[in-house]
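Asker: Below you'll find the structure I mean.
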């Protein structure tokens, strides 16, 4: 038996099919993954993402610690509540994890890291923290619900304290605020507008039921995966890991090279790779033939590459994927699907954004 | 509870077989199988004229999440594949024992059917 979120029993009552996900017993769908996907693209859906790990970083050296730890630069964060996406690298420039950091105040940041990488992340964070005056606190007392879709914020606002609704609805994209006991962030992993709400665990079940009553459809992690892939967002462990750098993973934009004297972990390795030439790149694939792209299929393109994530896109009604290919790959490639070489077009993600096809 | 029609034969790997009057059989996947797979988005049926042996992986059904093999329950020649599934794989979800059939096979040995599970035996495998 895996670990359970506090909303677990409600999921089962709501008809969820539960599967193991990184050691957690999580809903994969509540009947139809495709309908859940469309609900998020056209209306509002919600995900229990309480398996993710919330970590608070506090202390006089919080900023300088994170500037050393992360390839993106929290020095860019000057407005309270602003969020920053980026990678935590090892000395070789390999990705230990990707994460979101929220700037709360000069001495206080909140990070949300992946569930499957929790143990190694916390060990890494603690080990790097010894040289800094900071305190690292895992917030296992908190749960997290993502509400996503064009109507998600409006519907979810009815579950917030009345005097906090306006503040929540006026949050700009990629900003968060602590509103009484709820931490509301206008972020997500679907390519749609919405919030990620961090809630004290003893109130999470009640919030979930309120959101459901407000017309937000419960969605499983199956739909979360097709939504993030359509949105061109990487999944840790599939699209990048410790053997790949951000530059080979479509994440060069999350590496802050300036200021040049900021010595973040992995910087030397990334600079060396950039000097010598990045050998591989992560691209989007749109399958021209019938079939479904899946992780680990071989890609033929100026040498060999590999599909890192693949699925059927419910919005585009065809198969899409991400693949790591030699840097010289052209506009079309061939993918080996069960012994047949099928044609795929190389595209720049996202495939879908705010409900609309982009390829 | 999934639907297990009494007039069909079954395999442990969740295929069903319907005997036709001309000595051929229609093959599909069971209601239990389609439900476990979830929304199907792609079906690769075998080519007409191909020879299959009992237990061969001869077709592929893909849901959003994953690809699964369909095993031929019998030995013989594929004489027809359900072309409608190319454009409408969801027929397997909607009508697994009807419009969602996958292929029609001319049996090499009609006695092969005798060893297959009947509805009751198949239902018992689902309870394990």
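The values are calculated or read from the model by the stated rules, or taken from the named source; none is laboratory data. From a predicted model like this one, the values you see are computed outputs, not experimental measurements. Here the Cβ positions follow ideal geometry from the backbone for every residue, glycine too, while neighbour counts run over all protein chains shown.
Asker: Could you tell me whether residue A:189 is within 22 Å of residue A:55 (Cβ to Cβ) and either surrounded by 23 or more Cβ atoms within 10 Å (Cβ to Cβ) or in contact with a strand residue (DSSP E or B) (Cβ under 6 Å, 6 or more places away or on another chain) (or both)? Steps first, answer last, please.
Answerer: Details: within 22 Å of residue A:55 (Cβ to Cβ): yes; either surrounded by 23 or more Cβ atoms within 10 Å (Cβ to Cβ) or in contact with a strand residue (DSSP E or B) (Cβ under 6 Å, 6 or more places away or on another chain) (or both): no.
For residue A:189, the condition - within 22 Å of residue A:55 (Cβ to Cβ) and either surrounded by 23 or more Cβ atoms within 10 Å (Cβ to Cβ) or in contact with a strand residue (DSSP E or B) (Cβ under 6 Å, 6 or more places away or on another chain) (or both) - is not met.
Asker: Being surrounded by fewer than 24 Cβ atoms within 10 Å (Cβ to Cβ) and outside any loop (DSSP other than H, G, I, E, B) is the filter here; which residues of the range A:14-34 pass it?
Answerer: Across the range A:14-34, the qualifying residues are A:17, A:18, A:19, A:20, A:21, A:24, A:25, A:28, A:34.
A quick yes/no check of all residues on (1) at positive phi; (2) out of contact with any helix residue (DSSP H, G or I) (no Cβ under 8 Å at 6 or more places or on another chain); (3) assigned to a helix (DSSP H, G or I):
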| position | (1), (2), (3) |
| --- | --- |
| A:205 | no, no, yes |
| A:208 | no, no, yes |
| A:215 | yes, no, no |
| A:224 | no, yes, yes |
| A:229 | no, yes, yes |
| A:238 | no, yes, no |
| A:243 | no, yes, no |
| A:253 | no, yes, yes |
| A:257 | no, yes, no |
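Asker: Residues of the range B:84-97 being more than 11 Å from the chain's Cα centre (by Cα) and within 16 Å of residue B:5 (Cα to Cα), which ones?
Answerer: B:93, B:94, B:95, listed by residue number.
Asker: Considering B:61, B:78, which residue is modelled with pLDDT of 95 or more, closer than 22 Å to residue A:312 by Cβ and not in a loop (DSSP other than H, G, I, E, B)?
Answerer: Testing whether each residue is modelled with pLDDT of 95 or more, closer than 22 Å to residue A:312 by Cβ and not in a loop (DSSP other than H, G, I, E, B) leaves just B:61.
Asker: Restricting attention to the range A:1-34, report how many residues are within 14 Å of chain B (Cβ to nearest Cβ) and more than 26 Å from residue A:113 (Cβ to Cβ).
Answerer: 6
Asker: In this structure, is residue B:35 within 14 Å of chain A (Cβ to nearest Cβ), closer than 30 Å to residue A:225 by Cα, modelled with pLDDT under 95 and surrounded by 22 or more Cβ atoms within 10 Å (Cβ to Cβ)?
Answerer: Numbers: within 14 Å of chain A (Cβ to nearest Cβ): yes; closer than 30 Å to residue A:225 by Cα: yes; modelled with pLDDT under 95: yes; surrounded by 22 or more Cβ atoms within 10 Å (Cβ to Cβ): no.
Answer is no for this residue.
Asker: For the structure I just gave you, tell me whether residue B:56 is over 14 Å from the mean Cα position of the chain (by Cα), surrounded by 15 or more Cβ atoms within 10 Å (Cβ to Cβ) and either closer than 22 Å to residue A:31 by Cα or away from every other protein chain (no Cβ under 12 Å) (or both). Show your work before the answer.
Answerer: Values: over 14 Å from the mean Cα position of the chain (by Cα): no; surrounded by 15 or more Cβ atoms within 10 Å (Cβ to Cβ): yes; either closer than 22 Å to residue A:31 by Cα or away from every other protein chain (no Cβ under 12 Å) (or both): yes.
No.
Asker: Scan (1) within 14 Å of chain B (Cβ to nearest Cβ); (2) out of contact with any strand residue (DSSP E or B) (no Cβ under 7 Å at 6 or more places or on another chain); (3) more than 19 Å from residue A:350 (Cα to Cα) for the single condition residue A:220 breaks and write down its number.
Answerer: Every condition holds for residue A:220 apart from (2).
Asker: Tell me which strands (runs of 3 or more DSSP E) are completely within the range A:101-193 and hold 1 or more residues being touching a residue at least 60 places away in the same chain (Cβ under 8 Å) and closer than 25 Å to residue A:67 by Cα, or say none if there are none.
Answerer: The strands (runs of 3 or more DSSP E) meeting that bar are A:108-113, A:135-138, A:176-179, A:182-185.
Asker: Whether any residue in the range B:41-53 is surrounded by 14 or more Cβ atoms within 10 Å (Cβ to Cβ), under 15 Å from the mean Cα position of the chain (by Cα), over 23 Å from residue B:2 (Cβ atoms) and modelled with pLDDT of 95 or more is what I want to check.
Answerer: yes
Asker: Based on this model, can you work out whether residue A:247 counts as in contact (Cβ under 8 Å) with a residue 12 or more places away in the chain, out of contact with any strand residue (DSSP E or B) (no Cβ under 6 Å at 6 or more places or on another chain), surrounded by 24 or more Cβ atoms within 10 Å (Cβ to Cβ) and within 17 Å of residue A:322 (Cβ to Cβ)? If you could, list the steps in order and put the result at the bottom.
Answerer: On the way: in contact (Cβ under 8 Å) with a residue 12 or more places away in the chain: yes; out of contact with any strand residue (DSSP E or B) (no Cβ under 6 Å at 6 or more places or on another chain): yes; surrounded by 24 or more Cβ atoms within 10 Å (Cβ to Cβ): no; within 17 Å of residue A:322 (Cβ to Cβ): yes.
The answer is no for residue A:247.
Asker: Taking the criterion of being more than 14 Å from every other protein chain (Cβ to nearest Cβ), free of Cβ contacts under 8 Å to residues at least 60 places away in the same chain and over 27 Å from residue B:90 (Cβ atoms), would at least one residue in the range A:283-291 satisfy it?
Answerer: No, because not a single residue in the range A:283-291 is more than 14 Å from every other protein chain (Cβ to nearest Cβ), free of Cβ contacts under 8 Å to residues at least 60 places away in the same chain and over 27 Å from residue B:90 (Cβ atoms).
Asker: Among the numbered conditions (1) surrounded by 19 or more Cβ atoms within 10 Å (Cβ to Cβ); (2) more than 14 Å from chain A (Cβ to nearest Cβ); (3) more than 20 Å from residue B:126 (Cα to Cα), tell me where residue B:73 comes up short.
Answerer: Here residue B:73 meets the rest and fails (3).
Asker: Would you check which residues across the range A:337-352 are assigned to a strand (DSSP E or B) and surrounded by 15 or more Cβ atoms within 10 Å (Cβ to Cβ) and list them?
Answerer: A:337, A:342, A:344, A:346, A:347, A:352
Asker: For the range A:261-291, name all the residues that are touching a helix residue (DSSP H, G or I) at 6+ places or on another chain (Cβ under 8 Å) and part of a strand (DSSP E or B).
Answerer: Scanning the range A:261-291 gives A:280, A:281, A:282.
Asker: Which ones in the range A:292-318 are touching a helix residue (DSSP H, G or I) at 6+ places or on another chain (Cβ under 7 Å) and within 10 Å of chain B (Cβ to nearest Cβ)?
Answerer: The answer is A:311, A:313, A:314.
Asker: Looking at the structure I just gave you, is residue A:37 within 12 Å of another protein chain (Cβ to nearest Cβ), in a helix (DSSP H, G or I) and buried (at least 21 other Cβ atoms within 10 Å of the Cβ)?
Answerer: Spelling it out, residue A:37 is indeed within 12 Å of another protein chain (Cβ to nearest Cβ), in a helix (DSSP H, G or I) and buried (at least 21 other Cβ atoms within 10 Å of the Cβ).
Asker: Does residue B:46 qualify as being part of a loop (DSSP other than H, G, I, E, B), within 14 Å of chain A (Cβ to nearest Cβ) and within 29 Å of residue B:111 (Cβ to Cβ)? So that I can check it myself, show each step before the final result.
Answerer: Numbers: part of a loop (DSSP other than H, G, I, E, B): yes; within 14 Å of chain A (Cβ to nearest Cβ): yes; within 29 Å of residue B:111 (Cβ to Cβ): yes.
Judged against the criteria, residue B:46 is a match.
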